[in-house]
Amino acid sequence: MEKFQGIYPALVTPFDQEGKLNIKVLDSLLHHLMECGVDGFYVGGSTGESYLLSMEERKRLLEAVMETAGKKVKIIANIGLFATAHGIELAKHAEKLGVSAISSVPPFYFNFCMEEYLNYYEELANAVELPVIIYNIPAMSGVRFSKEDLYRLLSNEKIVGMKHTSYDLFQLQQVLQEFPEKSVFAGHDELFLSALSTGVRAGIGSTYNIMPKKFIELMRLFQERRMDEALRIQGEINDVICVLCQVGIFKGIKELLRLQGFDCGTCRKPFLPLAEEDKKRIAVLYENYFV
Ligand code: MN9
């Protein structure tokens, strides 16, 4: 199978004034990001607030994305949830729509044992013909895969890669060295350049929604071995991410998108709306880095 490469925004889910899916804004955001040159989309991840969406909404969202972008770029659908059966239901739905791959966060909340997590991925891989991408995000899922756990999963030929949203670059390098043919995605935007140095050639990120061209440019500079310039861009990206982390990453991204002309509404409760003073901080950030 051909490896996934390039820049994949972890797509934001736009809501309207009533808090319902806003397909119109979704379409214009997709067109804009494709025009910027992204290689595909990661749909229904943390950035898409997917665990705050109903099953029906998750399906509808993916259908809309496939309709607008499915024939032009690669689509990876995150189908992760609590129960294996629900994950498989979403995976089969995604398969019918013709996505390029499915991905899944490990089932969270219950502290399952490692064998249960590993078995979950293996069952998922057996349930569909599609390639499966592990979503390694220990800080949010609470699941800490060891190197050996990842090796076991990646030895399965249907498990074609991993989204590594972890600061553990040692583990990332080891996995890539052991499985050079797999598609490993950098998951922490602030470490994108560092991840490239371990051999990564693809990324999935929330901040790609607001600054796709910076990541595309960073990758090009890396490939041309222009490290000083690449590091300068990573520095700019990280200045933005520092502020986003302070105000709440997803709320901050939605506010920046609004300023860019894509009103994606507010994040779903229990997220609270962005505080007024944080709105002002985002406005300053916008002035300094986006105009
Ligand atoms: O999709 C994102 N992960 C999460 C990946 O939001 C949990 C990242 O893009 C981060 O938002 C970003 C900031 O830490 O690296």
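The values are calculated or read from the model by the stated rules, or taken from the named source; none is laboratory data. The structure presented is a predicted model; accordingly, all values stated were derived computationally and were not measured. A quick note on method: Cβ atoms are made from the backbone with ideal geometry, for glycine too, and the neighbour counts reach across all protein chains shown. Side chains included, ligands, DNA and RNA excluded: accessible areas come from the protein's heavy atoms. Shrake-Rupley method; radii C 1.70, N 1.55, O 1.52, S 1.80 Å.
Values for this structure:
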{"item": "Filter result (crowded, with 24+ Cβ neighbours inside 10 Å and not hydrophobic (A, V, I, L, M, F, W, C)) within segment 189-204", "result": "D189, G203"}
{"item": "Positions within segment 211-226 being in contact (Cβ under 8 Å) with a residue 12 or more places away in the chain and either within 14 Å of the ligand (Cβ to nearest atom) or open to solvent by 10 Å² or more (accessible area, probe 1.4 Å) (or both), in sequence order", "result": "M211, P212, K213, K214, F215, I216, E217, L218, M219, F222"}
{"item": "Residue that is farthest from I237 (Cα to Cα), among those in segment 261-276 that are open to solvent by less than 50 Å² (accessible area, probe 1.4 Å) and touching a residue at least 60 places away in the same chain (Cβ under 8 Å)", "result": "R268"}
{"item": "All positions within segment 136-183 that are free of Cβ contacts under 8 Å to residues at least 60 places away in the same chain and among the acidic types (D, E)", "result": "E148, D149, E157, D168, E178"}
{"item": "Of all residues making up segment 270-291, the number that are within 23 Å of the chain's Cα centre (by Cα), assigned to a helix (DSSP H, G or I) and farther than 20 Å from P14 by Cα", "result": "2"}
{"item": "Enumeration of residues in segment 123-144 that are more than 16 Å from the ligand (Cβ to nearest atom), part of a loop (DSSP other than H, G, I, E, B) and within 19 Å of the chain's Cα centre (by Cα)", "result": "L130, P131"}
{"item": "Segment 33-58, residues that are in a loop (DSSP other than H, G, I, E, B) and away from the ligand (no atom under 16 Å from the Cβ)", "result": "G37, S54"}
{"item": "Odd one out for V291 among (1) on the phi > 0 side of the Ramachandran plot; (2) modelled with pLDDT under 95", "result": "(1)"}
{"item": "In segment 145-172, residue nearest to the ligand (Cβ to nearest atom) [restricted to those that are part of a loop (DSSP other than H, G, I, E, B) and charged (D, E, K, R)]", "result": "D168"}
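Residues are listed down the side, and each one gets a yes or a no for (1) part of a helix (DSSP H, G or I); (2) within 11 Å of the ligand (Cβ to nearest atom):
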{"residue": "Q174", "(1), (2)": "yes, no"}
{"residue": "P180", "(1), (2)": "no, no"}
{"residue": "E190", "(1), (2)": "yes, yes"}
{"residue": "I204", "(1), (2)": "no, yes"}
{"residue": "L231", "(1), (2)": "yes, no"}
{"residue": "G235", "(1), (2)": "yes, no"}
{"residue": "V240", "(1), (2)": "yes, yes"}
{"residue": "V243", "(1), (2)": "yes, no"}
{"residue": "R268", "(1), (2)": "no, no"}
